[in-house]
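Written below as structure tokens is the structure these notes are about.
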């Protein structure tokens, strides 16, 4: 039992030491969010929530992408009203990147799963 705990602690420590580098830019964050949204079914998995929380906390990622990651982590069949308001602000922002606006629109309109059109956009975003 003690060895298993130490092994788990070591694994988490090793992963945590590499995590800040994983999403140090908007492009990587957008790809990760797009990948999660493309397979979303009612709500993100526990593993997806961890990734989204890491993106939301990463100061190397732009505010819009951090807000989108937090909104996706909160999804329960659809985005919360508060998160929809935040997505609307991203859409209205002249400074928001086009892929941030695309993700915000998908989050705002999500109902249980992304539409076929949204999935096509998300898959293309993952390849950029």
**Asked** Sorted by packing (mean other beta-carbon atoms within 10 Å per residue), highest first, where do 47-60, 64-77 land?
**Response** 64-77, 47-60
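Tell me, in nm to one decimal, what length is gained between residue 116 and residue 43 on full extension, where the rule is 0.36 nm per residue of separation less the Cα-Cα distance? Write out the running numbers ahead of the final one.
On the way: separation 73, 0.36 × 73 = 26.28 nm, distance 1.71 nm.
Result: 24.6 nm gained on full extension.
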**Fill in**
Expressed in nanometres to one decimal, the distance between label points 7 Å along Cα→Cβ at residue 105 and residue 50 is 3.4 nm
**Fill in**
Extension length gain for residue 59 and residue 85 (0.36 nm per residue less Cα distance), in nm, is 7.2 nm
**Fill in**
Taking every C-alpha to C-alpha distance in segment 23-127 and binning by 5 Å from 0, the per-bin percentages run 2, 16, 27, 28, 21, 5, 0
**Asked** Residue separation times 0.36 nm, minus the C-alpha to C-alpha distance between residue 127 and residue 76: what's the value?
**Response** 15.7 nm
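Taken together, the values in this text are just the output of simple stated rules run on the coordinates, not laboratory data. Computed from a predicted structure; not experimentally measured. Cβ: placed from backbone, ideal geometry, glycine included. Neighbour counts: every protein chain shown.
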